[in-house]
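The block underneath contains the structure these notes are about, expressed in structure tokens.
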Amino acid sequence: MRCLEAVIVNMLKEVEGGRSASSVFHLLKGKKSAQTIQDAHLYKLSKWFQTAPFLTMDTFDQIIGQLLEAGCLTGERQRLFVTDKGLGEMEASFDRTGNFSFLSGWRLAGTAPVFFSRLQLAVQVVSHFAYSDRTYYPVTRDEQVQHWVKQFFKQNSIEKKAMPGQLRRELAYVLEKQPEHPDCLLLRFSGHGQTGRTVEQAAEMLQMEATEYWFRFLNSLHAVIGLLMHGKEPLPFLRQVLSGITVSIPLTDSARKTADYLQKGLTVEQIAAARRLKRATIEDHIVELALNDPHFSIRPFIDEEKEKAVVKAGGTSAVRQLKPLKDQLPDHSYFEIRLVLAKESR
Amino acid sequence: MIIDKILQKTFGFSSFRPGQRETIESLLNGSDTLSMLPTGTGKSLCYQLPAYLLEGPVIIVSPLLSLMQDQVEQLKLMGEKRVIALNSFLQYEEKNSALARLHQYKFIFLSPEMLQLPHIMHALRRLTVALFVVDEAHCISQWGYDFRPDYRLLGRAREMLGSPLTLALTATADEKVRRDICEKLSLDKVNEWVFSVNRPNIAVDVQVIQDPLEKQKRLTELVRVLQKPGIVYFSGRKAAEEAVMLLKNRGIKGAAFYHGGMDAGERLLIQHQFLNGDLDVVCATSAFGMGINKENVRFVLHYHMPAQMEAYLQEIGRAGRDGQPSIAVLLYVPGDERLHAFIAESEFPDEGQIRQAAEEGIQPGNVLPPLSETQERFLTHYGKAADEQGRPKSAFINQVRTTLLARKAEKRLQMKRWVESDGCRRAAYMQLFGEEPHMQPQCCDRCGFDRALYKAGRQDEAPAEQMNWRERLNHLFPGQ
């Protein structure tokens, strides 16, 4: 039994009799639905939340099929039970790999990939700097990560010359503290004279089955992040890499969809029609965008003169009540007033 | 000459490659230009260099996101910071801030879909565009290799930008396609620079094998004896992965696969490993190679026959950019072309899907079975075209589908005939592009060539890496 199968059997055992196999799939994928989030807590499976983002429904179905065939599971896909054979093989697998006790999917699934991506790029930059080598292709094409790393090096208080030594000491420290072989993380970094390995390649070098490597890698990464969050050691470089990770602008999915439509040049009416929503709902989204996105232009929805009028009527004052403003501005709609208020308050 | 100085100072080259000087001078004289330069000869320089002599930004339209990103990175590597790629993957917030600062950029890369968005066009129209570049311009023509419906709308976009000075670049366009490019872009007076598709330093070898099992053996043998690094192309992802397993089992350790199904970060690592010389051979689908500037690729092997000659020439063109002897080997088992017939079908929506979208008014996103990105784009594009021409939607879209499929079948047949022909390989492909063939040594399997020239010397297996993790860390960050 591969490690991934052991994880799946372990989770199926927990939801046995209560939930179908697909709830396990959604947990591993990290589906953000009320049901899945509730399941994670109810069945104490939150550590596995979003720990197998690579999984597809097809491969998951195949795995379930194989487990049924091998006699590790029994029953219908809607109601699966783990057999003694399944339990035995699962335990044997966890005996070999450990049970990934540092995994914390629910808390870290959003943070960990961003942290790792930043760290990969920061390691690459510092390593090349240490060798005075300026010609290399960045290890990530994620523009937000690139932008962050650029700012990080601009504003950092650590002296540039001291960085290679500092980063090496900090990495050596956390690599010794975390539970897996240090190469689980280290092999994935690119730097001067070495190119990072893919999951598959790292697994091969460490002579592990690929899914075992994947969970060990994640366990190690989550352990390092935990150490940075809760430890007392002075690790200024790594703590900064972890700091301020927000998973993009906090917009509701629905507002994001409206933003996409606006980008395509649709009007409020067209969006309302296309999404079969009320005009007022779309307007709520636009106010949400104006409130959260510093680059969002409200100009398509209100002209400059009208905007100025709202500001003049007290839109910047601390009092944020709509009714008195609306009384002063009979030609403005509530939507227009809210837009200006949203923009002014961001 | 000033352009020679810039070539040396900014780009670090001492001389132009064939076609570059002609193209650049033509643009600097203010003429719209169409240049056909064979793959692997530095097409991007043709717009990069003039950018430094022209006032205002250069807009580059490119069909593939990855290609765009490669070009952006190459410019940045040279120290050019005023580069931006506007694509649908850019976060909504990033895009807005980029649009507000658009005038600060010298190089603006765009996908054709982006040019159709009103707010993007609005932002672009505020600029005085120095040069409008259509990369992979053959995508504009239904007769061309890799036709993309969105490219059809570039003519209108160009007009909206005030018909700026234009450069159309391609590696593979016969006479008919070149006419089509000029017409669709409304280039009335155009300087055409057409250079030979022939790459004399690449020997062309076609091996017909009767037994599919024999093919695997041949692959292993070839990869073992040929000088490396090399690329092996497959028609499918699974075949590429399986080949890597096979090669590794036979002791060829420096093999890795690359295909569009992989995570973007992992794909990038494989690309970097290949560029850095860590890999001997990459087993890939056609997703690999475009935009990768690696000079010393010694062989390109086709495990499956490509869908058409143009694709074949593009792919073998990735060998021998440094001008050194290199080899292209195509392995053919009769019937290999059937796979492409299947792939071609799957690129278009089927009749049921067309009916749902065109007659039953179902949104393309809700059609069942779900449409791929290419299929959806096809449906949307020709749905609009039918409306504009006042034609019945369903019939119109089906007709386009049939026409395009027939054209692909024709291309497939042409490729197959080339494989099966008994004349000179090089002469045959040059004739397809209206060129006069000429004799050369080290030509092809029909004319004969010296196989020893492409064989690797002593096979020394690189010693397995013995570093422990502390050494690895110390190597990344030397010093105190």
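Scanning segment B:277-292 for residues that are part of a loop (DSSP other than H, G, I, E, B) and either hydroxyl-bearing (Ser, Thr, Tyr) or without any contact (Cβ under 8 Å) to a residue 60 or more places away in the chain (or both) yields a count of 8. In the set A:Thr111, A:Thr59, A:Thr83, A:Thr97, only one residue is in contact with a Leu (Cβ under 7 Å, 6 or more places away or on another chain) and among the polar types (S, T, N, Q); that residue is A:Thr83. Annotation note: Cβ proximity below 6 Å between a residue of segment B:413-438 that is touching a residue at least 60 places away in the same chain (Cβ under 8 Å) and a residue that is acidic (Asp, Glu) (sequence gap 6+ or interchain) occurs for B:Lys416/B:Glu337; B:Phe433/B:Asp174; B:Gly434/B:Glu175.
To keep it simple, each residue is scored yes or no on (1) surrounded by 18 or more Cβ atoms within 10 Å (Cβ to Cβ); (2) under 26 Å from B:Ser111 (Cα atoms); (3) not hydrophobic (A, V, I, L, M, F, W, C).
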site	(1), (2), (3)
B:His304	yes, no, yes
B:Glu347	no, yes, yes
B:Ile354	yes, yes, no
B:Ala357	yes, yes, no
B:Gln363	no, yes, yes
B:Leu371	yes, yes, no
B:Gln375	yes, yes, yes
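All conditions but one from (1) over 22 Å from B:Arg179 (Cβ atoms); (2) in a helix (DSSP H, G or I) apply to B:Cys139; the one that does not is (1). Being more than 12 Å from every other protein chain (Cβ to nearest Cβ) and either surrounded by fewer than 21 Cβ atoms within 10 Å (Cβ to Cβ) or under 22 Å from the mean Cα position of the chain (by Cα) (or both) is not true of A:Phe116. Residues in segment A:186-203 that are part of a helix (DSSP H, G or I) and at the interface with another protein chain (Cβ under 9 Å from one of its Cβ atoms): A:Leu186, A:Val199, A:Glu200, A:Gln201. Among all residues of segment A:16-36, there is at least one that is more than 27 Å from the chain's Cα centre (by Cα) and either hydroxyl-bearing (Ser, Thr, Tyr) or surrounded by 14 or more Cβ atoms within 10 Å (Cβ to Cβ) (or both). Yes or no: segment A:166-173 includes at least one residue that is surrounded by fewer than 18 Cβ atoms within 10 Å (Cβ to Cβ), assigned to a helix (DSSP H, G or I) and facing chain B (nearest Cβ under 7 Å). Within segment A:166-173 (the criterion being surrounded by fewer than 18 Cβ atoms within 10 Å (Cβ to Cβ), assigned to a helix (DSSP H, G or I) and facing chain B (nearest Cβ under 7 Å)), the answer is yes, since at least one residue qualifies. Scanning segment A:1-36 for residues that are at pLDDT below 85 and either polar (S, T, N, Q) or not in a helix (DSSP H, G or I) (or both) gives A:Gly17, A:Gly18, A:Lys31, A:Lys32, A:Ser33, A:Gln35, A:Thr36. Within segment A:37-67, being modelled with pLDDT under 90, more than 10 Å from A:Gly105 (Cβ to Cβ) and crowded, with 21+ Cβ neighbours inside 10 Å holds for one residue alone: A:Asp39. Against the condition in contact with a His (Cβ under 9 Å, 6 or more places away or on another chain) and either buried (at least 20 other Cβ atoms within 10 Å of the Cβ) or within 14 Å of another protein chain (Cβ to nearest Cβ) (or both), how does A:Leu206 come out, does it pass? Yes; evaluated as a whole, the condition is true for this residue.
With respect to B:Arg391, is the statement that it is surrounded by 14 or more Cβ atoms within 10 Å (Cβ to Cβ), in a helix (DSSP H, G or I) and not hydrophobic (A, V, I, L, M, F, W, C) true? Spelling it out, it is not the case that B:Arg391 is surrounded by 14 or more Cβ atoms within 10 Å (Cβ to Cβ), in a helix (DSSP H, G or I) and not hydrophobic (A, V, I, L, M, F, W, C). Residues in segment B:254-265 that are at the interface with chain A (Cβ under 9 Å from one of its Cβ atoms) and either within 15 Å of B:Gln69 (Cα to Cα) or at pLDDT below 95 (or both): 4 in all.
Among residues of segment B:293-336 being in a loop (DSSP other than H, G, I, E, B) and among the acidic types (Asp, Glu), the one that is farthest from B:Thr39 (Cα to Cα) is B:Asp336. Being within 11 Å of another protein chain (Cβ to nearest Cβ), surrounded by fewer than 22 Cβ atoms within 10 Å (Cβ to Cβ) and out of contact with any strand residue (DSSP E or B) (no Cβ under 8 Å at 6 or more places or on another chain) is a condition met by no residue of segment A:88-102.
Yes/no per residue for (1) within 11 Å of chain B (Cβ to nearest Cβ); (2) surrounded by fewer than 21 Cβ atoms within 10 Å (Cβ to Cβ); (3) under 30 Å from B:Phe257 (Cα atoms):
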| position | (1), (2), (3) |
| --- | --- |
| A:Ala210 | no, yes, yes |
| A:Arg216 | no, no, yes |
| A:Gly265 | yes, yes, no |
| A:Glu269 | no, yes, no |
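Of the helices (runs of 4 or more DSSP H) contained entirely in segment B:39-111, those carrying at least 1 residues that are within 24 Å of the chain's Cα centre (by Cα) and of a type in the set (Asp, Glu) fall at B:65-77. Being part of a loop (DSSP other than H, G, I, E, B) and in contact (Cβ under 8 Å) with a residue 60 or more places away in the chain is true of B:Gly144. Among residues of segment A:130-143 being out of contact with any helix residue (DSSP H, G or I) (no Cβ under 7 Å at 6 or more places or on another chain) and touching a residue at least 12 places away in the same chain (Cβ under 8 Å), the one that is farthest from the other protein chains (Cβ to nearest Cβ) is A:Asp133. Checking A:Thr83, A:Thr59, A:Thr74 one by one, the residue that is outside the structural domain of A:Phe215 (by TED's automatic domain parsing) and either under 15 Å from A:His26 (Cα atoms) or among the charged types (D, E, K, R) (or both) is A:Thr59 and no other. Exactly one residue among A:Ala259, A:Ala273 is small (Gly, Ala, Ser), surrounded by 14 or more Cβ atoms within 10 Å (Cβ to Cβ), under 30 Å from B:Asn366 (Cα atoms) and at pLDDT 85 or above, and that residue is A:Ala259. Residues satisfying the criterion are absent from segment B:180-198 (criterion: buried (at least 21 other Cβ atoms within 10 Å of the Cβ), assigned to a strand (DSSP E or B), more than 14 Å from every other protein chain (Cβ to nearest Cβ) and of a type outside the set (Phe, Trp, Tyr)). Contact map, segment B:189-208: residues that are touching a residue at least 60 places away in the same chain (Cβ under 8 Å) paired with residues that are among the basic types (Lys, Arg), Cβ distance under 7 Å, separation 6+ or inter-chain. Pairs shown: B:Glu192/B:Arg178; B:Asn198/B:Arg426; B:Val204/B:Arg425; B:Val204/B:Arg426; B:Val206/B:Arg425; B:Gln207/B:Arg218.
This table checks each residue for (1) modelled with pLDDT of 80 or more; (2) charged (D, E, K, R); (3) out of contact with any His (no Cβ under 6 Å at 6 or more places or on another chain).
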{"site": "A:Val287", "(1), (2), (3)": "yes, no, yes"}
{"site": "A:Pro300", "(1), (2), (3)": "yes, no, yes"}
{"site": "A:Glu305", "(1), (2), (3)": "yes, yes, yes"}
{"site": "A:Val310", "(1), (2), (3)": "yes, no, yes"}
{"site": "A:Gly314", "(1), (2), (3)": "no, no, yes"}
{"site": "A:Ser317", "(1), (2), (3)": "no, no, yes"}
{"site": "A:Ile337", "(1), (2), (3)": "yes, no, yes"}
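One residue stands out among those in segment B:8-38 that are touching a strand residue (DSSP E or B) at 6+ places or on another chain (Cβ under 7 Å) and part of a loop (DSSP other than H, G, I, E, B): the one that is surrounded by the most Cβ atoms within 10 Å (Cβ to Cβ), which is B:Gly19.
The values are calculated or read from the model by the stated rules, or taken from the named source; none is laboratory data. Everything numeric here is computed off the predicted structure, so don't read it as measured data. Neighbour counts run over all protein chains shown; Cβ positions are idealised from the backbone, glycine included.
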